[in-house]
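*Asks:* The structure under discussion is supplied below as structure tokens; questions concerning it will follow.
Taken together, the values in this text are just the output of simple stated rules run on the coordinates, not laboratory data. This one's a predicted model, so the numbers in the text were calculated from it and none came from an experiment. No Cβ is skipped: glycine too gets one built from the backbone with ideal geometry, and neighbour counts run over all protein chains shown.
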Amino acid sequence: MRHFISILLLTLLLANFAGSYIYFTFRAMQIKREMRALLATLPDEDLELIILTPEEFKRARVEEHEIKVDGNMFDIARIVEKDLKLYVYGVYDEDEDNLLSVLDAVLNNLQNDSAQTPPSFSLFSVLHFLPVQFEYSLTSLPERSLSHTYYTTSFFNFFAIIDSPPPRSI
């Protein structure tokens, strides 16, 4: 039961940190899949034409089937090469532009946030945890056979024994 609760809490924590990025990733994949299906069914009259030189096309290329023209994503249906020019047929992808602008706004807001992190979080990140050590002796095993692993060796000298009792008030 404890194992299940710890996994659940860890999942909630990770979903809080990475949930929005996972959403943006899945939404971007969904938009691309929808656009590929749309381009397969769209007649040639509804496609837009962009004429580029090979150098401009190389600079504008984002992915295999996408270019970025004047800051807007353009999904490519087909490319025709004529007279040292590339005739690119496709559709402007407004949904992907909107998704990317929302993601960009979120990231810019996080970078421009002037509020400091809470002190409790800052202190939590620098805590030194003491390793749990169980010291016991077995008469049948010699002491040299007990190996010290990385997890049982302490980097700090910690003595829990109190040499004298605490002072008493009068």
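*Asks:* Take the alpha carbon gyration tensor of the stretch 24-70, find the square roots of its eigenvalues, order them as a ≥ b ≥ c, and report rounded if a/c is under 1.5; if not, report prolate when a/b exceeds b/c, else oblate.
*Replies:* oblate
*Asks:* To continue, here is another question. Taking the simple approach of a point 7 Å from Cα along Cα-to-Cβ for both N16 and N108, what is their distance in nm?
*Replies:* Distance between label points: 2.8 nm.
*Asks:* List the lysines whose Cα sits under 23 Å from the Cα of K82, skipping any in the same chain fewer than 8 residues away.
*Replies:* The qualifying lysines are K58, K68.
*Asks:* Relative contact order for the stretch 1-92: what percent, with Cα pairs under 8 Å and sequence separation of 6 or more?
*Replies:* 24
*Asks:* Extension gain I5-V69, at 0.36 nm per residue separation less the Cα-Cα distance, in nm?
*Replies:* Net length gain for the segment: 18.1 nm.
*Asks:* What spacing in nm lies between the two simple spin-label points modelled at L38 and S169, each 7 Å away from Cα in the Cβ direction?
*Replies:* 7.6
*Asks:* For the stretch 1-92, what does the alpha-carbon gyration tensor say about shape, rounded, prolate or oblate, given a ≥ b ≥ c as the root eigenvalues, a/c under 1.5 as rounded, and a/b over b/c as prolate?
*Replies:* prolate
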